[in-house]
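Novice: Could you have a look at this structure, given as structure tokens, before my questions?
Where a number appears in this text, it was derived from the coordinates with a stated rule and is not lab data. What you are looking at is a predicted structure, and each value in this text was computed from that prediction instead of being measured. Note that each Cβ is placed from the backbone with ideal geometry, even for glycine, and that neighbours are counted across all protein chains shown.
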Amino acid sequence: MYRPEEHLENLVRHIELVREACLLLGRRLIAQGRIDLGRILIGLGHVHDASKFHGIEWQYLHVGPDAPPEKLAMAIAQHTQTNPHHPEYWGGVENMPEIYVAEMVCDWYARSQEFGTSLRDWIRSEAITRFKIDHESEQYAWIQQFLDLLLLNSFKSKEEIPRI
């Protein structure tokens, strides 16, 4: 079980990574002229996962492998059903508004950084099946658009990268 200091460190690190991703994506959306979407996303990044500091989420999320499975399941359900950046809140990705799809992608982006994994590979191999994402849906198109903005080719010359 993690010590309280480790628990807090992990939580704050995740939230900071999501905040940075929301800021990056938000600025790139603003640069494209999507000012309101970018501004609101940046704001959501500042309050992302605030519920994890309280109650059952604080007690059982991020506590490591020693968490009682039934308590962990309850904490996850509490979190996903009360935070609109999770598909479970909306009854599925197909019902999610664009702003929360953007925050969800930023959350996934942060997780990929935390675990050192490929975000695109995880979406292809896991998220599409897990969340029953339709390749023809508007939400899938949004996911692709947000991924492309977040994952700009880092090997491009400075002239090729849009200024933000």
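Novice: Counting residues that are among the aromatic types (Phe, Trp, Tyr) and within 23 Å of LEU149 (Cβ to Cβ), which helices (runs of 4 or more DSSP H) fully inside region 63-119 reach at least 3? Even if it seems obvious, please write down each step before you answer.
Specialist: Working: elements: 69-82, 87-90, 98-115.
Answer list for region 63-119: 98-115.
Novice: Taking region 120-139 only, how many residues are aromatic (Phe, Trp, Tyr) and assigned to a helix (DSSP H, G or I)?
Specialist: Kept after step one, since they are aromatic (Phe, Trp, Tyr), are these residues of region 120-139: 122, 131.
Now drop any that are not assigned to a helix (DSSP H, G or I), which leaves 122.
Of the residues in that region, 1 qualify.
Novice: Another question, then. So which residues in region 1-35 are farther than 19 Å from ILE99 by Cβ and either touching a strand residue (DSSP E or B) at 6+ places or on another chain (Cβ under 8 Å) or outside any helix (DSSP H, G or I) (or both)?
Specialist: Residues satisfying the conditions are MET1, TYR2, ARG3.
Novice: Something else: Quick check: is even one residue across region 116-132 under 25 Å from ASN10 (Cβ atoms), small (Gly, Ala, Ser), crowded, with 21+ Cβ neighbours inside 10 Å and under 13 Å from the mean Cα position of the chain (by Cα)?
Specialist: Going through region 116-132, the residues under 25 Å from ASN10 (Cβ atoms) turn out to be 116-123, 125-127, 130-131.
Filter once more, keeping what is small (Gly, Ala, Ser): 116, 118, 125, 127.
Within this subset, residues satisfying the condition of being crowded, with 21+ Cβ neighbours inside 10 Å are none.
No, region 116-132 contains no residue that is under 25 Å from ASN10 (Cβ atoms), small (Gly, Ala, Ser), crowded, with 21+ Cβ neighbours inside 10 Å and under 13 Å from the mean Cα position of the chain (by Cα).
Novice: Something else now. Quick check on my filter: what residues within region 67-84 are under 23 Å from CYS106 (Cα atoms), among the small types (Gly, Ala, Ser) and surrounded by 17 or more Cβ atoms within 10 Å (Cβ to Cβ)?
Specialist: ALA75
Novice: For region 41-66, give me the residue count where each residue is buried (at least 18 other Cβ atoms within 10 Å of the Cβ) and aliphatic (A, V, I, L, M).
Specialist: Going through region 41-66, the residues buried (at least 18 other Cβ atoms within 10 Å of the Cβ) turn out to be 41-42, 44-45, 48-49, 52, 57, 60-63.
If we keep only those that are aliphatic (A, V, I, L, M) too, we end up with 41-42, 44, 61, 63.
Residues in region 41-66 being buried (at least 18 other Cβ atoms within 10 Å of the Cβ) and aliphatic (A, V, I, L, M): 5 in total.
Novice: Could I ask something else about it? Residues in region 96-111 that are closer than 14 Å to LEU17 by Cα and either surrounded by 18 or more Cβ atoms within 10 Å (Cβ to Cβ) or touching a strand residue (DSSP E or B) at 6+ places or on another chain (Cβ under 7 Å) (or both): how many?
Specialist: Residues of region 96-111 that are closer than 14 Å to LEU17 by Cα, as a first pass: 103-111.
Filter once more, keeping what is either surrounded by 18 or more Cβ atoms within 10 Å (Cβ to Cβ) or touching a strand residue (DSSP E or B) at 6+ places or on another chain (Cβ under 7 Å) (or both): 103-110.
Counting residues in region 96-111 that are closer than 14 Å to LEU17 by Cα and either surrounded by 18 or more Cβ atoms within 10 Å (Cβ to Cβ) or touching a strand residue (DSSP E or B) at 6+ places or on another chain (Cβ under 7 Å) (or both) gives 8.
Novice: For region 39-59, which positions are in a loop (DSSP other than H, G, I, E, B) and over 30 Å from ARG28 (Cβ atoms)? Don't jump to the end; show me each part of the working.
Specialist: As a first pass, look at region 39-59 and keep what is in a loop (DSSP other than H, G, I, E, B): 46-49, 54.
Matches in region 39-59: HIS54 only.
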